[in-house]
Amino acid sequence: MPILEVPAPFLLEYPPLVSALLPILGASEAYLVGGAVRDALLRRPSHDLDLATPEDGRRLARRIADAFEGDYYPLDPERGVGRAMVSYEGARYSVDVARFRGESLEDDLRGRDFTVNAIAAPLRGDLQRLIDPLNGVQDLFDKRLRRCTPDSIRDDPIRALRAIRQSLQFKLLIERETRADLRAYGVGIAHSSPERVRDEFMTMLGGAKPQAALRALDSLGLLSLIVPEIEAMRGIEQSAPHVYDVWEHSLNAVERMADVITTISPLRTDESAADSALGLIVYLLDVFRPQLQAHLEAPLPNGRSVRALLVLAALLHDCGKLATRSLDADGRIHFYQHEVVGAQLAEARAESLRLSNEESARLAGCVRHHMRPMHLRNAESLSRRALYRFWKATGETGVDVCLLTLADYLAMVGTHLQVPEWLAHLQVVRALLDAYFNRRAEVVAPPPLIDGTTLMEALKLKPSRLVGQLLEQIAEAQATGEISTAEEALALARRLYTNLQNV
């Protein structure tokens, strides 16, 4: 039976790579499907292409990777799915090629998640003619997210997460029957691959309106299946200056983290920076905007984003509070060492989500050190010693901590922002970032004046922890400006060593 094609509602513009793929197809029958067609209809840029073919998609994916001198990954041998990661005209693309789900292209489209993603265009034909058996084009223009079949969510519960994400990303209303299926079958994510849950969840956190996405997941009973730590946050009251309980504070920290990232990103607008708190970020921290943007754009494993990791850190930064809650004689609530307990919980959650070692370390580091900038704000002035110790403790994760503390502070005070206190907090972050970006060799990581071999020879020491401790004290003295030469470093080492012997 011939495939019914319909004309596109207007001239569709596809990514430049699409045209470049045509000579590589040879005799292969292939269709552009899903997101790339949807994004063309929405006039959105796309760098993720999905192709469907009646043959094993791995062979075509490898041809594409080889043609552009890119990388090839076999994703699913059973379904014949391969991925090519290629660069073309200065842009990076991911091209997934999959064998039809079923006997035909129409079977494949009907077996997809939502109608707006079940639209195809023939690569070897007229790309301005679409195959749309489920009327996805109309759903897209009607701003409606609708499942392809009554079995869509039940067959693959991960689609419940995708529904929330795409409804917010594309401003679509989830239609009634689809929403009912999300509630009925979404709990099946508890038995889904942790890697698939991770990928969909982290994409959601890195996307539009992460706080709204988390609230929607929570309303469907799905969030606690992914991040069980949230259950210990609910209803945990906090003393002033906090204005929310731990759960609401954490959700507001997520929202404010998204605001902070937007404020330093290329997406900032005059309207988004009109908020007085965000405007002061622009005023005091814009000098670091290029470096902060580069920090946020640095790639993480499998294309995950620093933005998503920071949003997850905002969600989990106070997850250790229930375990550390105490009351003093005046009835004030305290959470001593909650950041230490929280870091352990965050690291365990990262492992359960199958995050990389790098992501796990950064997430735990953010939670472990998120209180440091607030503690520094109480000091009269930020000494070089304090700056050095902050960066010694946090390393590169310190930049993440600087961003998290902004979101944490704004979520703590809510609508009761006091400008002088906010300015003082921003001044601390400014000093920390200035040390890291502008005074690194002077304050953060000065080049060593002596090495361990020189130290051991001068003091006639054997390799031991003592050598490392002496070198660390020398480095700190150098960072604070107390010493600046190798001779002064050795003299300090001798004094320290003598003092230790006399103890």
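Alpha carbons only, please: Rg and Dmax for the stretch 3-61, in angstrom.
12.2, 33
Each residue of the stretch 124-137 in turn: what ³J(HN,Hα) in whole Hz from Karplus with 6.51, -1.76, 1.60 and θ = phi - 60°, glycine and Pro shown as x?
Per-residue couplings from phi come out as 8, x, 8, 5, 8, 10, 10, 9, 9, x, 10, 6, x, 4 Hz.
Output the antiparallel fraction of DSSP beta bridges having both residues in the chain, as a percent to the nearest 5.
Details: 25 of 33 bridges.
Looking only at bridges with both residues in the chain, the antiparallel portion is about 75 percent.
R0 = 41 Å: FRET efficiency of Glu231 with Glu69, Cβ-based, nearest 0.05?
Details: r = 49 Å, r/R0 = 1.20.
Calculated transfer efficiency: 0.25.
Among residues other than Ala8 whose Cβ falls under 11 Å from its Cβ, what is the net charge (Lys/Arg +1, Asp/Glu -1)?
Working: positive: Arg129; negative: Glu5, Glu13, Asp126, Asp132.
Net charge around Ala8: -3.
Please label the shape of the stretch 316-455 as rounded, prolate or oblate, based on the square roots a ≥ b ≥ c of the eigenvalues of the alpha-carbon gyration tensor (a/c under 1.5 means rounded; beyond that, a/b larger than b/c means prolate, else oblate).
Numbers: a/c = 1.85, a/b = 1.25, b/c = 1.48.
Taking the square roots of the gyration eigenvalues as a ≥ b ≥ c, the stretch 316-455 is oblate.
Could you please report the charge total around Leu492, scoring K, R as +1 and D, E as -1 over all other residues with beta-carbon less than 13 angstrom from its beta-carbon? Let's see the in-between values first.
Values: positive: Arg494, Arg495; negative: Glu472, Glu476, Glu482, Glu487, Glu488.
Taking every other residue near Leu492 into account, the sum is -3.
Return a whole-number percent for the relative contact order of the stretch 1-139, with Cα pairs under 8 Å and 6 or more residues apart as the contact set.
Numbers: 279 pairs, mean separation 38.2, N = 139.
Averaging sequence separation for qualifying contacts and normalising by length gives 27 percent for the stretch 1-139.
How far, in degrees from 0 to 90, does helix 338-352 lean away from the longest principal axis of the Cα atoms of the chain, to the nearest 10?
30
Under a point spin-label approximation (7 Å from Cα along Cα-to-Cβ), what is the Leu284-Leu267 distance to one decimal in nm?
About 2.5 nm, to one decimal.
Can you tally the net charge around Ala364? Count Lys and Arg as +1, Asp and Glu as -1, for every other residue whose Cβ sits under 12 Å from the Cβ of Ala364.
Values: positive: Arg349, Arg362, Arg368; negative: Glu339, Glu347, Glu351, Glu358, Glu359, Asp400.
Result for the local shell: -3.
Using 7 Å Cα-to-Cβ label points, what is the Glu442/Gln418 separation (nm, one decimal)?
Modelled inter-label distance: 3.3 nm.
Among Thr178, Thr454, rank each residue by its count of other Cβ atoms within 10 Å, from fewest to most, as a rough exposure measure.
Working: Thr178 24, Thr454 16.
Fewest to most other Cβ atoms nearby, the residues stand as Thr454, Thr178.
Sorted by average packing, counted as other Cβ atoms within 10 angstrom per residue and highest first, what order do 188-198, 150-160 take?
Values: 188-198: 15.1, 150-160: 19.6.
Put in order of decreasing packing, that is 150-160, 188-198.
How large is ³J(HN,Hα), in whole Hz, for each residue of the stretch 480-487 in order, when computed from phi with the Karplus curve 6.51 cos²θ - 1.76 cosθ + 1.60 and θ = phi - 60°, using x for Gly and Pro?
Using θ = phi - 60°, the values come out as 7, x, 6, 9, 8, 10, 5, 4 Hz.
For the stretch 164-208, just say rounded, prolate or oblate: build the C-alpha gyration tensor, square-root its eigenvalues into a ≥ b ≥ c, call rounded for a/c under 1.5, and beyond that prolate if a/b exceeds b/c, oblate if not. If you can, show how the numbers build up before the last one.
Values: a/c = 4.00, a/b = 1.10, b/c = 3.64.
Verdict is oblate for the stretch 164-208.
Which entries of Lys143/Lys209; Lys392/Lys462; Lys143/Lys321 have Cα-Cα distances beyond 29 Å here? Mind showing how you got there, number by number?
Working: Lys143/Lys209 17 Å; Lys392/Lys462 25 Å; Lys143/Lys321 41 Å.
Those over the limit are Lys143/Lys321.
Specify whether the C-alpha gyration tensor of the stretch 452-502 places it in the rounded, prolate or oblate class, a ≥ b ≥ c being the square roots of the eigenvalues: rounded for a/c under 1.5, otherwise prolate if a/b is larger than b/c and oblate if not.
Numbers: a/c = 1.64, a/b = 1.48, b/c = 1.10.
Here the stretch 452-502 falls in the prolate category.
How much length, in nm to one decimal, is gained on full extension between Gln293 and Ala323, taken as 0.36 nm per residue of separation minus their Cα-Cα distance?
Numbers: separation 30, 0.36 × 30 = 10.80 nm, distance 3.58 nm.
Taking 0.36 nm per residue and subtracting the Cα distance, the gain is 7.2 nm.
Using a basic spin-label model with each label point 7 Å from the Cα along Cα→Cβ, how many nm lie between Gln427 and Leu22?
Simple spin-label model gives 6.3 nm for this pair.
A short reminder: the numbers here are calculations on the coordinates, not readings from a lab. This is a predicted model, so every value here is computed, not measured. Methodologically, a virtual Cβ is constructed for each residue, glycine included, from the backbone with ideal geometry; neighbour enumeration extends over all protein chains shown.
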